[in-house]
1. Output the number of residues of segment 149-167 satisfying the condition of being of a type in the set (D, E, K, R) and open to solvent by less than 10 Å² (accessible area, probe 1.4 Å).
2. Considering only segment 489-531, state which residues are hydroxyl-bearing (Ser, Thr, Tyr) and over 32 Å from the mean Cα position of the chain (by Cα).
3. Does Arg485 fit the bill of being in contact with a Ser or Thr (Cβ under 8 Å, 6 or more places away or on another chain) and either over 27 Å from Val268 (Cβ atoms) or aliphatic (A, V, I, L, M) (or both)?
4. Can you run down the residue pairs with Cβ atoms below 6 Å, 6 or more apart or on separate chains, where the first is in segment 511-536 and of a type in the set (Asp, Glu) and the partner is crowded, with 17+ Cβ neighbours inside 10 Å?
5. Please give the helices (runs of 4 or more DSSP H) falling wholly within segment 280-369 in which 2 or more residues are among the polar types (S, T, N, Q) and either farther than 30 Å from Pro72 by Cβ or in contact with a Leu (Cβ under 8 Å, 6 or more places away or on another chain) (or both).
6. Out of (1) out of contact with any Leu (no Cβ under 9 Å at 6 or more places or on another chain); (2) of a type in the set (Gly, Ala, Ser); (3) at pLDDT 95 or above; (4) open to solvent by less than 10 Å² (accessible area, probe 1.4 Å), the odd one out for Ser404 is which?
7. When you scan segment 342-355, do you find a residue that is in contact with a strand residue (DSSP E or B) (Cβ under 6 Å, 6 or more places away or on another chain) and either open to solvent by 40 Å² or more (accessible area, probe 1.4 Å) or not β-branched (Val, Ile, Thr) (or both), even just one?
8. Tell me the residue from Thr70, Thr76 that is within 15 Å of the chain's Cα centre (by Cα) and not basic (Lys, Arg), please.
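The values are calculated or read from the model by the stated rules, or taken from the named source; none is laboratory data. What you are looking at is a predicted structure, and each value in this text was computed from that prediction instead of being measured. We place every Cβ from the backbone using ideal geometry, glycine too, and count neighbours over all the protein chains shown. Remember, those area values only see protein heavy atoms, side chains included, never the ligands or the DNA or RNA. Shrake-Rupley method; radii C 1.70, N 1.55, O 1.52, S 1.80 Å.
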Amino acid sequence: MKKQKQQRTIPFFENRRRLLAIVLGISIGLRIIILHQWNASVFSVAVWSDSATYNQWARSIITSGDWIGTNPFLMTPLYPYLLAVIYTITGESLTAVRLIQNAIGIGTILLIFLSADKMFQRRAAFFAAMAAALYGPFYLHANLLLVETVKVFLLILSLYLLLIATEKKNIRWWIYSGLVLGAAMLCRPTDIFVVGIALLWIFLLMVQPFSLRLRSASALFAAVILIVLPVTIRNYSVSKEFIPITSNGGLNFYLGNNPKAVGVYYNVDGLDLANDPDGRIFLETTKGKNFTAGQASAYWMNEAVDYIVKQPADFIVLAGMKALLFFHYKEIGQLGYNYHFISRNAVSALGYLLTFAVILPFSVVGIVVLRKEWKKYFLLYGLLAAQFLSVILFFVTDRFRLSSMPFLILFAGFGLDWLLVQWKFQRRKVIMVGGGSLMLAMSLSTFLNVRIDDEFSTEHEYIGMNYFDMKLYEKALFEYRQALRYNDSFHIHNNIGNVYSATGNIPAAMKEYQRGSEINPRQAISVFSMGTAYVRVQQFDSALTCFAKVKHLNPRFAPAYLNAGLSYWYTGNYGKALTELEIYLAMEPDRVKTASVRQDVENLKQIIAGEKR
């Protein structure tokens, strides 16, 4: 791809090494400051929600030595397996993970520079790289145990490799591009849209003989399959179902497309996603039959499609709302890592960096100015469109939108360069295009957009859980109370009950657990917590009643069988104790976690054998 013709380059911008040294030096300095502030905050041990799932997944791979697993992948596998490799080398060091992810983030900035340098003038490349080096959300996610930093890197790497492949006309570069795109799909399967864009580029817009285009497309597609197919085969071997990558796609699609959907992440009434992440238990208890992982995903997908078909007008309004939310000036959090909350309360350096609202106006300038040459820049437009589509098909969150930022930043780098060049010669044009783009961007991201109030219940709740684990019960209770100001949810009441139970105030704990059950009678955790509180005061009959109800609500809730078994043991009913503990062992794959229980089972067998003599 030839660079766009432009005015003579200013000498300062001619030295590529100097420009990269400036940009990367700034990024490294910022990363040192932010990592220092991060490690000094409560977020230094922030491993919750999806981060906790990835962390536990990686640790279970290491402790069990089983790198294949026994169930189809619920979530995309590339990141937890990467974590497992890092943990194996570093001894489960979170600091090591953050250092590696920050290094990957630096690689992203480098690739943004190199990609822009191929498409535009070097000054635009410098502006784009500088914007990336100053973009705050990149730094936030580099310090979280989430897949986004890796995914963003793979996407911008795929663009750079596609540009090289187009230029070199060598099959191996198409293979490299396909391998990277396959890896990106193992971070989020919706990146199949990017594969589609690459194939369209090859077949429709490249000026080459058809035979060469066919070989290029075949090489790219075969490389994608080479990465994805082993995961599909592995899923089929453990489940006997066709699950290409993950089994949670149907539920995620339904969460974003149902009569109660609001455009952002919304937990459907009755679902306890912490203990029922694919909605199978909910379906089994409400439908009265068993569901496999694939069947559950298909059910939720069909429900979403049914909503779209039967209520098309509502769906169009919802899709329009999600399209607007994509351009919202706020970082819309989901997992308890809200950018605005963290910048105000933990990592103040983030508050001084660029945000989406600053990047977007210059991106719009670039998108508008380059529109007449869209065929030339089809890959850039296409990859941005693919990320936009992958977000609005589900729901809008800051981490989903992050994948679009390398492409918006590339447009922004060009847009800023164009404005500076044109200002010398065509100020009226700059005022019209620049001013119009600025007004459009501001309108999209602010007063024409949906109002979103700050909602930090998840952040406060998870911080409270950290304090609870540290036995700082007063601080934990304070955070839980703060969370309740935003959201009167069953799990917050359950956590408050746990504080009261841990401090010996069982009546107050029971009141909170009961409130949680009233809010959501389908979830099992509040009833389970009641049972454990009864165990604390040795009311084992009441505890067993609670555990029986838990097993009815959620037959796969392994701790209920463990605690029921121990309760039966304490009351001298060794036969039932043995049955419950053996069920627990069959359900819990972590052999480290079950080591003491296996010994308990052997002791029970000896006790029962002694009674029979």
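1. Our first condition is that a residue be of a type in the set (D, E, K, R); within segment 149-167, this holds for 151, 167.
Subsequent filtering for residues that are open to solvent by less than 10 Å² (accessible area, probe 1.4 Å) retains 151.
The number of residues fulfilling the criteria is 1.
2. Of the residues in segment 489-531, the ones hydroxyl-bearing (Ser, Thr, Tyr) are 489, 500-501, 503, 513, 517, 526, 529.
Correct list: Tyr500, Ser501, Thr503.
3. Values: in contact with a Ser or Thr (Cβ under 8 Å, 6 or more places away or on another chain): yes; either over 27 Å from Val268 (Cβ atoms) or aliphatic (A, V, I, L, M) (or both): no.
No, not satisfied.
4. These pairs meet every condition: Glu512/His493; Glu512/Ile496; Glu512/Gly497.
5. Counting at least 2 such residues, we get 339-345.
6. The failed condition is (1).
7. Step one: of segment 342-355, the residues in contact with a strand residue (DSSP E or B) (Cβ under 6 Å, 6 or more places away or on another chain) are 354.
Those still in the list that are either open to solvent by 40 Å² or more (accessible area, probe 1.4 Å) or not β-branched (Val, Ile, Thr) (or both) too: 354.
So far as segment 342-355 goes, yes, one or more of its residues are in contact with a strand residue (DSSP E or B) (Cβ under 6 Å, 6 or more places away or on another chain) and either open to solvent by 40 Å² or more (accessible area, probe 1.4 Å) or not β-branched (Val, Ile, Thr) (or both).
8. On the way: Thr70 fails: within 15 Å of the chain's Cα centre (by Cα).
Of Thr70, Thr76, the one residue that is within 15 Å of the chain's Cα centre (by Cα) and not basic (Lys, Arg) is Thr76.
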